[in-house]
Amino acid sequence: MDEQITEEERDLNGAIALVALGKVDSLVVENIRDAAQAAFGEEVTIIEARYEREETGDVRQQAATDVIKRLFPFRHGFARVLGVTDTDLSHPGVNHVFGFADPESRVSVISLHRLRTKGAGPGRIAGRAVKTAIHELGHTYGLGHCSAHRCVMFLSFNLADTDYKEREFCRKCRDEIYSRFENRSLKRQN
Ligand SMILES: [Zn+2]
Ligand SMILES: [Zn+2]
């Protein structure tokens, strides 16, 4: 059989670049790294990117798709990119998004902006960030939204949804990811 691995197969597995855009809580970023490594079994490398806008404390919303484009250069050497920003993210049709993913380029971004609420301690805020991050990365593995409220792929309409769901995939979503990994390793052995 053909030994060549198609682009799709090669990209299914592979390291993840975790790009901290400007000033973001490093403890939260480390939490995301550890959780993503555990969830996907891939090496996750933290990259600190200078981001003038965020460094100057400019808190105006920016379009999620613009941030995704800015993250494209970080794809080099990585199968996936997840950006973390403190700036609020916008998307047409909604007044904000917690995160955004482009499954085609496998580039995703999350915002910490709305995760900090009154009464929420650092643990809860980090938990929200981790769940949002795993969710967006899940999209880059081809997963869609899940109807199970506890599943990390459940679409959070608000932070109560985020707090309620787990940082893990439900069995159905896990099986979906695993079946793709399996297919790939089977092909590889040929
Ligand atoms: Zn989603
Ligand atoms: Zn699920």
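The values are calculated or read from the model by the stated rules, or taken from the named source; none is laboratory data. Quick caveat, the model's predicted, so the values are computed rather than measured. Heads up, the Cβs are rebuilt from the backbone with ideal geometry, glycines too, and the neighbour counts pull from every protein chain shown.
The table below gives the values:
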{"read-out": "Residues being surrounded by fewer than 18 Cβ atoms within 10 Å (Cβ to Cβ) and part of a helix (DSSP H, G or I) - total across the range 25-49", "value": "6"}
{"read-out": "Qualifying position, being within 14 Å of ligand 2 (Cβ to nearest atom), assigned to a loop (DSSP other than H, G, I, E, B) and closer than 19 Å to residue 16 by Cα, among 78, 169", "value": "169"}
{"read-out": "Only one of 142, 127 that is assigned to a loop (DSSP other than H, G, I, E, B), touching a helix residue (DSSP H, G or I) at 6+ places or on another chain (Cβ under 9 Å) and either within 16 Å of ligand 2 (Cβ to nearest atom) or not hydroxyl-bearing (Ser, Thr, Tyr) (or both)", "value": "142"}
{"read-out": "When residues of the range 161-185 are limited to those that are under 17 Å from residue 137 (Cβ atoms) and at pLDDT below 90, the one nearest to ligand 1 (Cβ to nearest atom)", "value": "177"}
{"read-out": "Residues of the range 82-107 satisfying the condition of being hydrophobic (A, V, I, L, M, F, W, C) and over 9 Å from the mean Cα position of the chain (by Cα)", "value": "89, 94, 97, 98"}
{"read-out": "Top-ranked residue in the range 101-135 [being within 14 Å of ligand 1 (Cβ to nearest atom) and surrounded by fewer than 22 Cβ atoms within 10 Å (Cβ to Cβ); ranked as modelled with the lowest pLDDT]", "value": "103"}
